[in-house]
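Structure first, commentary second.
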Protein chains: 2
Amino acid sequence: MAKHYEQYCPVAHALELVGERWSLLIVRELLKGPRRYTDLAEALPRIGTNVLAARLKDLEGCGIVAKRRLPPPTPAQVYELTPYGVALKPVMRELARWGLRSLPAPGDDEALAPGWLRGALDTFFAPVAPDGSFQFRVGDEEAALVDGEAAAGSVDDPDVIVEATPAAFYYLFVERRWDGVEVEGDRELLERLLEAAAPADDAVLA
Amino acid sequence: MAKHYEQYCPVAHALELVGERWSLLIVRELLKGPRRYTDLAEALPRIGTNVLAARLKDLEGCGIVAKRRLPPPTPAQVYELTPYGVALKPVMRELARWGLRSLPAPGDDEALAPGWLRGALDTFFAPVAPDGSFQFRVGDEEAALVDGEAAAGSVDDPDVIVEATPAAFYYLFVERRWDGVEVEGDRELLERLLEAAAPADDAVLA
DNA sequence: CCGCATCCCCAAAGATACTG
DNA sequence: CAGTATCTTTGGGGATGCGG
């Protein structure tokens, strides 16, 4: 935001850095790992190449993103988050938790971005996960949660295996409904995970 | 945001609701309590009356803000947050925590908004405060923290009294430096509070 | 191809004036 | 007091171009 809010306030200051349109979505993408310019353009439909370039320059300028040139074999350059950028993770988490409350369940034909399941586990479960290993198979995605760490793919001998459609997974997480969810193994452990990650119930008006 | 991001993602969805310029600052103001139109315009320098009106309409439209007409004696109307709006508090908190890391200390002549101290206590300390009562006097503001609740003004017989300039208060909180801070009472309790509320140290790059 | 810079156009923000 | 109306300016969306 070239224009400043002109207030001494940490929130206003934060929004001056990442409050512009697309900024936080770029951060969201980069939280998944380093990405090339074209990867970002592809993951952010309708962003427009000039805006993407401008945002990356801004984010780089204020130390949230760094540009790195990959070693010779593949002479590509990638963008990645600095530690300051990674520190936005709690912001993204709370934004996602809040946004989820009014996000409808995914349609059965909804196009989910590749890697979404790992991202969801990382955002919602990883910070509060009890010890144990969870294997999730949702739609055509597969990801695992092992001792508070989300990972793509599958893990050996998990404590519990969860299988569901995206919609069923949504209902399980958001409304604690088990219809269409297949559980194998330690169901009670899964219940504890869901409990810990529960989307905040309505905050009472102060 | 009239324009949609067209992604099935809770963060994108959240940003469609509150991602526009000024939206979150309006929420920040309303987190302090119900406000009249003019109060908001005054608290948000340079917002421009048309933009304020538009944002309020948007926020009302998606259930974050409600307009209420005050009972006859004073026929004013006020805006206030719905429970869904209040649920943005954690988002604001994380944004503020993150923003604070690159916000410089306030200058001695910095104009702070009235009530800022109570807001700071509420945002940073209230959610993690240990039991006990704290009295803060910073600059010309006075606020207290009693059993995890922030309140303006002063409290009887607090466990600890903290007195400082805004800059000294900043350094105390952000850098754990005690220069220029006067403490009376249970200093160890204050240290525990600061510990609990500590601005996240650098998240390690994943 | 990948990584942008440029150009054009329209939508949204800023500023100011004015009204129920 | 609580906005609407109007005008100007800025910034985003979309297409295209162009050097490495």
Please compute the contact order of the stretch B:104-196 in relative form: average sequence separation of alpha-carbon pairs under 8 Å and at least six residues apart, divided by the residue count, as a percent. 27 percent
Nm distances between copies for residue A:184, ranked from closest, using label points 7 Å along Cα→Cβ: 6.8
List the trypsin sites (Lys or Arg not before Pro) within the stretch A:111-206 that DSSP assigns to loop and that have no more than 14 neighbouring Cβ atoms inside 10 Å. A:176, A:177
Hz values of 3J(HN,Hα) by residue in the stretch B:91-108 - Karplus curve (6.51, -1.76, 1.60), Gly and Pro given as x: 5, 4, 4, 5, 4, 5, 4, 5, x, 4, 5, 10, 8, x, 4, x, x, 5
Obtain the nm distance between the two label points defined at residue A:157 and residue A:142 by a simple spin-label model: each point lies 7 Å from its Cα along the Cα-to-C-beta direction. 1.9 nm
Ordered by residue, what ³J(HN,Hα) values in Hz, to whole numbers, does the stretch B:171-183 give under the Karplus form 6.51 cos²θ - 1.76 cosθ + 1.60, where θ = phi - 60° and Gly and Pro are x? 5, 4, 6, 7, 10, 6, 9, 9, 4, x, 9, 9, 10
Per the helix-only calculation at 222 nm, which mean residue ellipticity applies to the protein assembly as shown, given -39500 (n - 2.57) for every DSSP H run of n ≥ 4 and division by its residues, nearest 500 deg cm²/dmol? -11000 deg cm²/dmol
Could you please point out the chain A residue with its Cβ nearest to the axis of the rotation taking chain A onto chain B, and the distance in whole angstrom? A:94, 2
Using a basic spin-label model with each label point 7 Å from the Cα along Cα→Cβ, how many nm lie between residue A:176 and residue A:42? 4.1 nm
Taking H placed 1.01 Å from N in the peptide plane, check which residues at least 5 places from residue B:65 or on another chain put their amide H under 5 Å from its amide H. B:60, B:82
How far, in nm to one decimal, is residue A:33 from itself in the other copies if the label point is set 7 angstrom along Cα toward Cβ? Shortest first, please. 5.2
Straight-line reach from residue B:67: which aspartates and glutamates fall under 17 Å, measuring Cα to Cα and dropping same-chain residues less than 8 apart? B:29, B:39, B:58, B:80
The stretch B:94-206: equivalent-ellipsoid semi-axes (sqrt of 5 x gyration tensor eigenvalues, Cα, Å): 21, 17, 14
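We did not get these values from a lab; they are worked out from the coordinates using the rules stated. Remember, it's a predicted structure, so these values are computed and weren't measured experimentally. Please note: Cβ atoms are built from the backbone with ideal geometry, for glycine as well, and neighbour counts cover all protein chains shown.
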